[in-house]
Amino acid sequence: MSSLYKSEIGKKEILELYDQKLEGLKISFQYKKVATTFGETNVIVTGSPENPPLMIVHGSNGCAPISLEAYPNLSEKFQVFAVDVLAQPNKSAQNRVSMKGLSYGYWMNEVLEKLQLKKVTLVGFSFGGLIIFKTLIQNEKAIKESFVVAPAYIVNGSSMIALLKVFIPMKRYIKTKKMKYVERFLSTLFTDKDAFAVCYLSKVFLYFKMDFTPVPIISKSEARKIKTPITIIAAKEDILFPGEKMIKKAVRIFPSLKQTILLEESKHVQCSRDNLKIERLILEEEV
């Protein structure tokens, strides 16, 4: 397996930030290493094993500690499993998994099976939403309910806007190493400023081989296969996966759609206030 890190120094700096974020959460946790067909998968586990299981799936170029920070109170009612997605700048294997087909679904269901989890609540942000949809399509028997936040795989935004506001600033930063381009990138996607994201992504952009494969779109036939209740939380100001467009399509294609919520002032990455709303929604559903 070839490394997706461009250098050992870069890998060390990224994983040091991973550890720094996890330590800063000040939570009791344990690591579980899960051997899968697609590569070893790292999972952070927190909360009482007497609580029902909940799996959090982070977005592209992310890691488990970031998803745990977004929803810190879920462990009050759940045993939380925060997975490091394969081929991302984190502690799981660096094997690329194709977004086409159902490989991500097979992978996630294998992780759930190895952890012996049943009646699982799935929570995913952005690319994590795509993984959740693939999981439900492939085999949803272990899933109780799903919450997807600004998910990939339903609609895509304008490729020209993404090029101008996301990819060009990223490429300019890689070329010049000027932090103003990272900040420009983040101001487009993040509702609020995030100092850790500036530091973390500045390292990821320089030292990690990112996947620029176009994000596919779910078909109507795939969506109609899903029976598990789905809650979609969309962001109105999201240029990657526009919220209003997403909700209109979701209502048409998902027979198991439980509810939709449009965050009126949110960009792709939510602010802490909206994350708290999402967290409360998930916790209330467990009552």
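What follows is calculated from the coordinates using simple rules that are stated; it is not laboratory data. Please read these numbers as outputs of a predicted model, since none were measured by experiment. When we count neighbours, we look across all protein chains shown, and the Cβ atoms used for this are built from the backbone with ideal geometry, even at glycine.
For each of His268, His58, count neighbouring Cβ atoms within 10 Å of the residue's Cβ, then give the residues from fewest to most. Each step should come with its number before you reach the end.
Values: His268 23, His58 26.
Least to most surrounded, the residues fall as His268, His58.
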message: Can I get the semi-axes of region 193-287's equivalent ellipsoid? Compute them from the C-alpha gyration tensor as square roots of 5 times the eigenvalues, in angstrom, largest first.
response: 27, 20, 13
query: Any idea what diffusion coefficient region 1-119 gets from Stokes-Einstein, in µm²/s, Kirkwood Rh on alpha carbon pairs, 25 °C, 0.890 mPa s?
result: 166
Along each principal axis, Cα extent of region 103-174, largest first, Å: 45, 24, 17
field: Entries of Lys144/Lys225; Lys12/Lys32; Lys11/Lys209; Lys220/Lys249; Lys227/Lys258 with Cα pairs more than 19 Å apart
entry: Lys12/Lys32
Whole-angstrom Cα spans of region 135-186 along principal axes, big to small: 49, 21, 16
task: For region 49-164, state what percent of all Cα-Cα pairs lands in each successive 10 Å bin, counting from 0 Å until the bin that includes the largest distance.
output: 14, 47, 32, 6, 1
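Mind ordering 40-48, 15-23, 230-238 by average Cβ neighbours within 10 Å, highest first?
On the way: 40-48: 19.1, 15-23: 15.6, 230-238: 22.7.
Descending mean neighbour count gives 230-238, 40-48, 15-23.
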message: Which one, Thr231, Ser126, Ser221, projects farthest toward the positive side of the charge dipole computed for the chain from Cβ point charges (K/R +1, D/E -1)?
response: Ser221
Protection-proxy order for peptides 273-281, 148-156, each taking the mean of Cβ atoms within 10 Å per residue, highest first: 148-156, 273-281
query: Over all pairs of distinct alpha carbons, what does the Kirkwood formula give as the hydrodynamic radius of the chain, in Å?
result: 19.0
task: For region 1-67, count the residues as N, evaluate 2.2 N^0.38 Å, and divide the Cα radius of gyration by that value, please.
output: 1.26
